[in-house]
1. Just the number please: accessible area per residue for the chain, 1.4 Å probe, all protein chains included, in Å².
2. How much of the accessible area of the chain, in percent, comes from carbon and sulfur atoms when a 1.4 Å probe is used?
3. Could you quote the convex hull projected area for the chain, Cα atoms only and averaged over all directions, in nm²?
4. Sorting check: for 151-164, 12-25, 177-190, 196-209, which peptide has the highest mean count of neighbouring beta carbons within 10 Å, and how do the rest follow?
5. Just tell me, in residue order, which DSSP H segments of the chain are both 15 angstrom or longer along the helix axis (alpha-carbon based) and at least 0.0 in mean Kyte-Doolittle hydropathy.
6. Can you send over the solvent-accessible area of E167, 1.4 Å probe, protein chains only, in Å² to the nearest 10?
7. On the principal axes of its Cα set, how long, how wide and how thick is the range 35-152? Give whole Å, largest value first.
8. Taking N as the number of residues in the range 115-229, what is its alpha-carbon radius of gyration divided by 2.2 N^0.38 Å?
Amino acid sequence: MTKHALKNIPRHVAIIMDGNGRWANVRGLPRSMGHRKGVEAVREAVRTAAELGVEYLTLFAFSSENWSRPESEVSDLMGLLKTFVRRDLQTLHKENVRIRVIGDRSNLRSDILPLLLEAEERTRDNTAITLVIAFNYGARDEIARAVRSIAGDVAAGILHPAEVTPECISARLDTADIPDPDLIIRTSGEERLSNFLLWQAAYAELMFIPDFWPDFSRETFHDALRNYAGRERRFGGVTAAAPTLAVGS
Ligand code: FPP
């Protein structure tokens, strides 16, 4: 499929990659195998998104709440992320992929933070697609950090309270220079946002698909974008073609 075969490609797709554990469970495999297969699905999703002309792909890799999982699973996920950044960086860089990381960077382990910083630095001028990795990410934490920074500037007299607009808040989030997601997909049939991009999701189309993340294929991605292309986004207004009765949304 070529870049232009699908219409109305979302500029920014964000994905909650859910169901690795269940994928493994139903096969009688350890959860770690589900996460391993999940990384393969990540590779394919990045390739497919770039092929389709998606400009930003955000993946929820590790939430600030995921630390409460058993230590062995946390260390397994850390290991996978490190391997991904180490092993795939070369390929991603060659494929002109820019890497960005969102989430709380304070108190990150010393074997992780430098890797993430290096990936961002090395790929900063790449233009094919931006892969945003949400790591140690929680939307409420992100908003609280933004509010703390604004409160500091107000207290210091640098910022007037009247200047605290939605734009001002957006500009203090980890996603400051990233457009809001047009489409948020969650796999595995769960239908909630689980503290993911809460502020940025204001007008996003939400899509909940039954497949477990390791089964998220090129075809699944194409189907999702076909479904998205058929949706009408009104951003609280009305479209030119809409009948007069169809006010609001
Ligand atoms: C949810 O499945 C998935 C995660 C918590 C982690 C997702 C991480 C990866 C796919 C690998 C690392 C990421 C990158 C970007 C290389 P779950 O374990 O909650 O599944 P369950 O709900 O079925 O138990």
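The values are calculated or read from the model by the stated rules, or taken from the named source; none is laboratory data. Not measured: the values here are computed from a predicted model. No Cβ is skipped: glycine too gets one built from the backbone with ideal geometry, and neighbour counts run over all protein chains shown. SASA here: full protein model, heavy atoms, side chains in, ligands and nucleic acids out. Shrake-Rupley method; radii C 1.70, N 1.55, O 1.52, S 1.80 Å.
1. Numbers: 12700 Å² over 249 residues.
I get 51 Å² per residue for the chain.
2. Working: 6600 of 12700 Å².
About 52 percent, which is the carbon plus sulfur part of the accessible surface.
3. Working: hull surface 64.1 nm².
Its Cα hull, projected and averaged over all orientations, spans 16.0 nm².
4. Values: 151-164: 10.9, 12-25: 22.8, 177-190: 19.5, 196-209: 17.6.
Per-residue Cβ counts within 10 Å, averaged per peptide and sorted highest first, yield 12-25, 177-190, 196-209, 151-164.
5. Working: long enough: 31-52 (31 Å, -0.56); 71-94 (34 Å, -0.37); 139-155 (24 Å, 0.07); 218-229 (16 Å, -1.21).
Membrane-span-like by this criterion, though nothing is claimed about a membrane: 139-155.
6. 130
7. Sorted from largest, the Cα extents of the range 35-152 read 40, 36, 24 Å.
8. On the way: Rg = 17.2 Å, N = 115, 2.2 N^0.38 = 13.4 Å.
Here the Cα radius of gyration is 1.29 times the empirical estimate.
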